[in-house]
1. When only residues in segment 164-187 that are over 18 Å from Glu140 (Cα atoms) and acidic (Asp, Glu) count, which is farthest from the chain's Cα centre (by Cα)?
2. Return the pair list, or none, for Cβ contacts closer than 7 Å from residues in segment 133-144 that are of a type in the set (Phe, Trp, Tyr) to residues that are not in a strand (DSSP E or B), at least 6 apart or on different chains.
3. In segment 163-200, how many residues are in contact with a helix residue (DSSP H, G or I) (Cβ under 8 Å, 6 or more places away or on another chain) and within 18 Å of Thr107 (Cα to Cα)?
4. Of these, Lys53, Lys9, which one is more than 21 Å from Val113 (Cβ to Cβ) and at pLDDT 55 or above?
5. For Ile130, are the conditions met, namely being touching a Ser or Thr at 6+ places or on another chain (Cβ under 9 Å), outside any loop (DSSP other than H, G, I, E, B) and at pLDDT 95 or above?
6. Given the options Ile184, Ile132, Ile200, name the one that is surrounded by 15 or more Cβ atoms within 10 Å (Cβ to Cβ), more than 23 Å from Gln118 (Cα to Cα) and among the β-branched types (Val, Ile, Thr).
7. Give all pairs with beta carbons closer than 6 Å in which a residue from segment 78-91 that is in contact (Cβ under 8 Å) with a residue 12 or more places away in the chain meets a residue that is assigned to a strand (DSSP E or B) and among the aromatic types (Phe, Trp, Tyr); count only pairs at least 6 apart in sequence or on separate chains.
8. Looking at (1) more than 30 Å from Pro167 (Cβ to Cβ); (2) in contact with a strand residue (DSSP E or B) (Cβ under 6 Å, 6 or more places away or on another chain), which one does Ala71 not meet, given that it meets all the others?
Amino acid sequence: MQLRRRWLKVLAAAGVFGPAGIAGVVSQALAMGKAPVAPGIHTLRGDVTVNGKPARPGQLIGPGDTVVTGADSQTIYVVGQDAFLQRDKTTLVFGTDAVKSFFRVVTGRVLSVFGKSQDQRILQASTASIGIRGTGCYIEDEGRGATARTYFCLCYGSVELTPMAAPQERESYSTSHHDHPLYIYNDMKMPKMMVPAGVINHTDDELTMLEGLVGRWPPFMGKSFGRNGGGGGY
């Protein structure tokens, strides 16, 4: 518990929680020790809507909901054993069947951590179908069309990744610390739809914060924090 309290204080001091909602998220997490915080929306910044209406703190996100962030906007929320950091200009649609289609990224960027589940859950991007179990991952989706591109980093855990344009290139793999980020394309002129990428636009600090909200530690804790995809290591 002391380690978790120390890390949450460090993350808050570093501004990982953003300018809005720092006190609420940190105080609730610290008060509950190792227990998860309550489900629902924990921070809001800027223009955030749920099903076309302004989002509100504490609002639950569930099957069939659509969460949209506008320019310079962001939200952090918890759904069951899972936690999400949804960045600006992002549309996320939660499916009515959590196994067959847990959520779909219409466009934008989202960092997610997922609790362990017996069933593989499916995340949909414009260029790929992503089957996950007990995983942390980051997705950037640039939209649809013949030249669509999705960035995917399996930060840790296991995945079955299938590019829509070339299902025969499906890969099943596991990582422990951002080991195999990819760009996934929908351009049939390319020799392969999945191309190696670097670690971009998400950090170990953010993953630690999200896992902390649901009462867990990321599996890389205790390892070097040098690979942060843009800073925030200690």
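The values are calculated or read from the model by the stated rules, or taken from the named source; none is laboratory data. Here the structure is a predicted model, which is why all the values come from computation and not from measurement. All Cβ positions, glycine included, derive from the backbone under ideal geometry; neighbour counts span all protein chains shown.
1. Of everything passing the filter in segment 164-187, Glu169 is farthest from the chain's Cα centre (by Cα).
2. Tyr138/His202
3. Residues meeting the conditions: 1.
4. Being more than 21 Å from Val113 (Cβ to Cβ) and at pLDDT 55 or above holds for just one of Lys53, Lys9, which is Lys53.
5. Judged against the criteria, Ile130 is a match.
6. On the way: Ile132 fails: more than 23 Å from Gln118 (Cα to Cα); Ile200 fails: surrounded by 15 or more Cβ atoms within 10 Å (Cβ to Cβ).
None of the other options fit; the residue is Ile184.
7. Note: pairs meeting the criteria are Phe84/Tyr77.
8. It is condition (2) that Ala71 fails.
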